[in-house]
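Take a look at the structure below.
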Amino acid sequence: MEKKRSNRGKVLVIMGSKSDLPVVESAIPLLKELGLDFEVRIASAHRTPELVREIVSSTDADVIIAVAGMSAHLPGVVASLTDKPVLGVPVNSGHYSGVDSLLSMVEMPPGVPVATFGQGKSGMKNAVIFSAKMLGLKYDYIVENLKSYIKSMKDKVFEDDADVQERLK
Ligand code: RP5
């Protein structure tokens with residue numbers, strides 16, 4: 001049985017191996033900046049399927065980001081175990097430049113979707129932002145945090161442009 005959901009927006013980030021950690025860690029500051037509650041776990045669809053089932057069935061997170069490389073079955077298996085939205089982030093850890101992982105996530109059979117993002121750190125970042133957008137439907141404070149984040153991105157472009165103008169004078 002899935003636990004009751006938390007009263008703050010919460011994301012479970014699950015990765016297939018500790019070798020995926022740099023991708024996950026790169027987005028921790030963003031999870032904090034957006035005010036998302038989060039839990040980070042390592043569990044492999046192939047090596048520890050029982051642990052994957054246990055984590056997914058006991059989490060009180062609202063959405064799940066699953067990060068994996070090679071034949072990346074983790075997001076699909078997670079999606080088969082929950083009614084919560086599952087976001088997949090492919091990692092380039094095999095011999096096919098991450099396409100192996102991308103196709104494993106994007107080509108889910110009809111009825112068991114995994115919202116698949118780009119590969120690696122940029123995909124992870126977008127998966128976190130997308131999670132915040134979904135959770136903003138329920139939590140107003142997240143919408144406010146997203147607005148500040150978007151404003152800071154915009155300000156950075158203006159600053160960078162001003163900097164380039166200055167340098168190239
Ligand atoms: C996948 O296989 C993991 O997500 C990782 O990206 C890849 C390689 O795993 P390790 O051999 O580094 O543990 O399950």
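The values are calculated or read from the model by the stated rules, or taken from the named source; none is laboratory data. Quick caveat, the model's predicted, so the values are computed rather than measured. FYI the Cβ positions are ideal-geometry reconstructions off the backbone, even for glycines, and counts take in every protein chain you see. Heads up: the accessible areas ignore ligands, DNA and RNA and are worked out on the full protein's heavy atoms, side chains in. Shrake-Rupley method; radii C 1.70, N 1.55, O 1.52, S 1.80 Å.
Just one of the listed residues (K138, K151, K133) is open to solvent by 100 Å² or more (accessible area, probe 1.4 Å) and in contact with a Leu (Cβ under 8 Å, 6 or more places away or on another chain), namely K133.
Of the residues that make up region 2-19, is at least one out of contact with any strand residue (DSSP E or B) (no Cβ under 7 Å at 6 or more places or on another chain) and open to solvent by less than 50 Å² (accessible area, probe 1.4 Å)? No, every residue in region 2-19 fails to be out of contact with any strand residue (DSSP E or B) (no Cβ under 7 Å at 6 or more places or on another chain) and open to solvent by less than 50 Å² (accessible area, probe 1.4 Å).
Is one or more of the residues making up region 59-71 open to solvent by less than 50 Å² (accessible area, probe 1.4 Å) and over 19 Å from N126 (Cβ atoms)? Yes, some residue in region 59-71 is open to solvent by less than 50 Å² (accessible area, probe 1.4 Å) and over 19 Å from N126 (Cβ atoms).
The one condition from (1) closer than 22 Å to Y139 by Cβ; (2) without any contact (Cβ under 8 Å) to a residue 40 or more places away in the chain that E50 does not meet is (1). Applying a threshold of 6 Å to beta carbon distances and a minimum spacing of six or more residues, or different chains, the list of pairs starting in region 97-111 at a residue that is open to solvent by less than 80 Å² (accessible area, probe 1.4 Å) and ending at one that is within 12 Å of the ligand (Cβ to nearest atom) and hydrophobic (A, V, I, L, M, F, W, C) reads D100/M70; S101/A72; S101/V91; S104/A72; M105/A72.
To keep it simple, each residue is scored yes or no on (1) over 27 Å from Y149 (Cβ atoms); (2) hydroxyl-bearing (S, T, Y).
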{"site": "G9", "(1), (2)": "no, no"}
{"site": "S58", "(1), (2)": "yes, yes"}
{"site": "L74", "(1), (2)": "yes, no"}
{"site": "K84", "(1), (2)": "no, no"}
{"site": "P90", "(1), (2)": "no, no"}
{"site": "Y96", "(1), (2)": "yes, yes"}
{"site": "P109", "(1), (2)": "yes, no"}
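Checking region 105-125 against the condition returns no match, with no residue being within 13 Å of the ligand (Cβ to nearest atom), farther than 30 Å from N7 by Cβ and in contact with an Asp or Glu (Cβ under 7 Å, 6 or more places away or on another chain).
Let's see how each residue does on (1) acidic (D, E); (2) assigned to a helix (DSSP H, G or I); (3) farther than 27 Å from N7 by Cβ:
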{"site": "K138", "(1), (2), (3)": "no, no, no"}
{"site": "I142", "(1), (2), (3)": "no, yes, no"}
{"site": "S148", "(1), (2), (3)": "no, yes, no"}
{"site": "Q165", "(1), (2), (3)": "no, yes, yes"}
